[in-house]
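Undergrad: Attaching a single structure in structure tokens format; questions to follow.
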């Protein structure tokens, strides 16, 4: 009970607290876990009741909204309730830290988790500016998505199970960002992977969806091996995996040395798996098999950004290795462009958003790869706002489409944009909020995405053009790719909006009568996120812009606030950069030009792309899926089929592994090993059968053998 | 004297052993076993002249055990005879592989 009391009171031990007093930080983590336990119990009760109903020859009657079983109504309050409380506690902590000028992280100890010889891991939470931003995103956006889920999942028979998994996910995600060591982070890292698997395969009776869950889980394992090896390397060299001592001791490492490069590369392998980068991105588009709010929470706003968080958290290590930094930025750039091109030709509304997420994650990695750790986290934050909004908007659309088709018992695809069109007349709120998010992701001033994306693009030039920068040619290419991908983003997002909401309705006359705006429980979260998508970027207006046109001549508040907020954590990495790279560049690569100029060029270009796309795509005639006879050719066909990457992996990796496994199974295991074991059995059995012939049942034989034996022994003892 | 007693004992024991091996009548085999036991008793008594009274003492043990064995053995043979109406041991070979 002492530990419980300590848990509630926040342990009380602070490394160097300054004036920051944590306010029950343990509760932030424990509340979602509590929600998981309560909802889990309800889910088990619910499953038993429905199993009984099925055995009785009927199905569990969910009734209408007024008379539902208690297992179906309680999660509505528990799921979002614990999230709301956790958000409030986080908010209190945030306001306290806001006024505290915290220099060192505050570590809240609870108990010793692992103690073996010289190696100990504490169960401790680390509260600092970075984990606080992540906590705000996770609990804040998480609460909105939980509320949205109440509407979206209302009629699903697995409702309590859904909320149990969702709460469990938030618990692990908070452990991931709040843990004070790589070991605790790994606990969260694996936990969110588990919840991702459970929620992708949430409708597990559908084979395809269950397989998508398995795919996500297995692909993530590849990355996790990297995380583990990096952790082992850290332990071998520092004797600890706690953040504070590791980053303190890291200064002794050689800049660009083999060891730090190995550690960071292995960590990056983990990040590539979790954050769906090339070449391990293939699981994320398939993950869209899960319910849409899950895609919003796990596969857009929080879990997939864990890799970016990992790199930002380990900024000291990554800054020490120019090679890894270049690889991080390079992989991010290739992924950003590659995924953006695939998104151009997708017809499934969720697939467009999935590839868009992969592409935006690429931008975040470019940011943290060019040493702009604050910019990477900034894009992570704004992306959480607008991409969660886009996914939930898509969810509202799918919800409406699904009910429309359900009413006429049609089996048309409710997610295919070719079946939509003209939805703005039916769902005006969703339409407006999604347009705001689209403008934000396209990087148009003054929406949130403009500031974060533009900062990343600018930092590529600054970093790559530094006095002693290695690989400056690579960074120039990355800069061009980032600009190109930004234009593609503007195009595919506008295409998605036009196909979904504009033009004529293609749902079908009968069905169109059942199209409707989402209920308040769904559109209110959309509205909140729309507000954040518009104004969220203002927390970090670059200095070069804040007094110029982009900052309305200094009218926009909080210039570079996030940058200064994260300063205590990024200072060490920036110091390493300054010492080794010298003066950063002050103009764009290849062509020159200042920050304000390029910001203007990119926003105008994005605006132009949006305008052109509205005209071009709006002018095309789209036909519903059942009438669509278009045969794609050439490059568009390649894009539509996602460059055949899945087929390539299947041919080159999956099938050989299956064949090798089948060989091991049929030949080595069933043939050789089982053969050896079975022949030992047969030999014993056969020889036993032969020897058993001696047991004749005749007493005289026994007496004879006995006598001969005695004589033999006597004779032997004589000699 | 001892030599003659031991020779007699050896002859009796061999006759007993031979009887157990070659005869098929359960009663005869049983009597042959008794003969073996008594041959050993004779050796015990003979050796007690050399090594002390313990040999004679041991004979009583052997006789006691032999009496108990005779009681159980005869009971089994009678019960077998009631079942098969024969005491030929070749007829009783059910207990085998």
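Bear in mind that the values in this text are calculations on the coordinates, not laboratory data. The model shown is predicted, which means the values in this text are computed figures rather than measured ones. Here Cβ is always computed from backbone atoms with ideal geometry, including for glycine, and neighbour counts include all displayed protein chains.
Undergrad: Do you know which residues across the range A:277-286 are in contact with a helix residue (DSSP H, G or I) (Cβ under 7 Å, 6 or more places away or on another chain) and farther than 10 Å from residue A:223 by Cα? Don't jump to the end; show me each part of the working.
TA: As a first pass, look at the range A:277-286 and keep what is in contact with a helix residue (DSSP H, G or I) (Cβ under 7 Å, 6 or more places away or on another chain): A:277-278, A:280-286.
Correct list: A:277, A:278, A:281, A:282, A:283, A:284, A:285, A:286.
Undergrad: Within the range A:263-367, considering only helices (runs of 4 or more DSSP H) that don't extend past its boundaries, which have at least 1 residues that are under 24 Å from residue A:214 (Cβ atoms)?
TA: On the way: elements: A:283-286, A:292-296, A:306-313, A:315-319, A:322-343.
Qualifying helices (runs of 4 or more DSSP H): A:283-286, A:292-296, A:306-313, A:322-343.
Undergrad: Just one of (1) part of a helix (DSSP H, G or I); (2) within 29 Å of residue A:309 (Cα to Cα); (3) touching a helix residue (DSSP H, G or I) at 6+ places or on another chain (Cβ under 6 Å) trips up residue A:46, so point out which.
TA: So residue A:46 meets the others, but not (2).
Undergrad: Further question: Only one residue in A:404, A:425, A:396, A:414 is out of contact with any strand residue (DSSP E or B) (no Cβ under 7 Å at 6 or more places or on another chain) and surrounded by 24 or more Cβ atoms within 10 Å (Cβ to Cβ), so which one is that? Show your work before the answer.
TA: Working: A:404 fails: surrounded by 24 or more Cβ atoms within 10 Å (Cβ to Cβ); A:425 fails: surrounded by 24 or more Cβ atoms within 10 Å (Cβ to Cβ); A:414 fails: surrounded by 24 or more Cβ atoms within 10 Å (Cβ to Cβ).
Just a single option satisfies the conditions, and that option is A:396.
Here's the yes/no breakdown for (1) surrounded by 14 or more Cβ atoms within 10 Å (Cβ to Cβ); (2) under 19 Å from residue A:706 (Cβ atoms):
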site	(1), (2)
B:1	no, no
B:4	no, no
B:7	no, no
B:13	yes, yes
B:31	yes, yes
B:44	yes, no
B:59	yes, no
B:70	yes, no
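Undergrad: Filter the range B:63-97 down to the residues that are within 14 Å of another protein chain (Cβ to nearest Cβ) and touching a residue at least 24 places away in the same chain (Cβ under 8 Å), then identify the one that is nearest to residue B:37 (Cα to Cα).
TA: So, considering only residues that are within 14 Å of another protein chain (Cβ to nearest Cβ) and touching a residue at least 24 places away in the same chain (Cβ under 8 Å), the one nearest to residue B:37 (Cα to Cα) is B:73.
Undergrad: Same structure, new question: Taking only the range A:188-205 into account, find how many residues are over 14 Å from residue A:307 (Cα atoms) and without any contact (Cβ under 8 Å) to a residue 60 or more places away in the chain. Talk me through it step by step, then tell me what you get.
TA: Our first condition is that a residue be over 14 Å from residue A:307 (Cα atoms); within the range A:188-205, this holds for A:191, A:194-205.
Imposing the further condition that a residue be without any contact (Cβ under 8 Å) to a residue 60 or more places away in the chain reduces the set to A:191, A:194, A:197-198, A:204-205.
Qualifying residue count, the range A:188-205: 6.
Undergrad: To continue, here is another question. When you scan the range A:228-249, how many residues do you find that are touching a residue at least 60 places away in the same chain (Cβ under 8 Å) and in contact with a helix residue (DSSP H, G or I) (Cβ under 6 Å, 6 or more places away or on another chain)? Even if it seems obvious, please write down each step before you answer.
TA: In the first step, residues of the range A:228-249 are kept if they are touching a residue at least 60 places away in the same chain (Cβ under 8 Å); the result is A:235, A:239-244, A:246-247.
Going one step further and asking which of them are in contact with a helix residue (DSSP H, G or I) (Cβ under 6 Å, 6 or more places away or on another chain), we end up with A:241, A:246-247.
Residues flagged as touching a residue at least 60 places away in the same chain (Cβ under 8 Å) and in contact with a helix residue (DSSP H, G or I) (Cβ under 6 Å, 6 or more places away or on another chain) within the range A:228-249 amount to 3.
Undergrad: Of A:649, A:644, which residue is within 30 Å of residue A:338 (Cα to Cα), more than 14 Å from chain B (Cβ to nearest Cβ), in contact (Cβ under 8 Å) with a residue 24 or more places away in the chain and part of a helix (DSSP H, G or I)? Outline the logic, then answer.
TA: Details: A:644 fails: in contact (Cβ under 8 Å) with a residue 24 or more places away in the chain.
Matching residue, one of A:649, A:644: A:649.
Undergrad: So, one more: Given the conditions (1) more than 14 Å from every other protein chain (Cβ to nearest Cβ); (2) under 27 Å from residue A:705 (Cβ atoms); (3) surrounded by 15 or more Cβ atoms within 10 Å (Cβ to Cβ), which single one is not true for residue B:36?
TA: (1)
Undergrad: Would you be able to tell me the number of residues in the range A:671-713 that are closer than 30 Å to residue B:16 by Cα and outside any loop (DSSP other than H, G, I, E, B)?
TA: Looking only at the range A:671-713, we keep the residues that are closer than 30 Å to residue B:16 by Cα, and these are A:691-713.
In the following step, the residues that additionally are outside any loop (DSSP other than H, G, I, E, B) were identified as A:691-692, A:699-713.
Counting residues in the range A:671-713 that are closer than 30 Å to residue B:16 by Cα and outside any loop (DSSP other than H, G, I, E, B) gives 17.
Undergrad: Taking the criterion of being within 14 Å of chain B (Cβ to nearest Cβ) and either closer than 30 Å to residue A:488 by Cβ or out of contact with any strand residue (DSSP E or B) (no Cβ under 7 Å at 6 or more places or on another chain) (or both), would at least one residue in the range A:671-685 satisfy it?
TA: Within the range A:671-685, the first condition is being within 14 Å of chain B (Cβ to nearest Cβ), and the residues that meet it are A:685.
From what's left, either closer than 30 Å to residue A:488 by Cβ or out of contact with any strand residue (DSSP E or B) (no Cβ under 7 Å at 6 or more places or on another chain) (or both): A:685.
Within the range A:671-685, one or more residues are within 14 Å of chain B (Cβ to nearest Cβ) and either closer than 30 Å to residue A:488 by Cβ or out of contact with any strand residue (DSSP E or B) (no Cβ under 7 Å at 6 or more places or on another chain) (or both).
Undergrad: What is the one condition in (1) within 14 Å of chain B (Cβ to nearest Cβ); (2) surrounded by 10 or more Cβ atoms within 10 Å (Cβ to Cβ) that residue A:693 does not satisfy?
TA: (2)
Undergrad: Can you tell me which residue within the range A:571-606, out of those that are without any contact (Cβ under 8 Å) to a residue 12 or more places away in the chain and closer than 21 Å to residue A:439 by Cα, is farthest from the chain's Cα centre (by Cα)?
TA: Among them, the one singled out is A:597.
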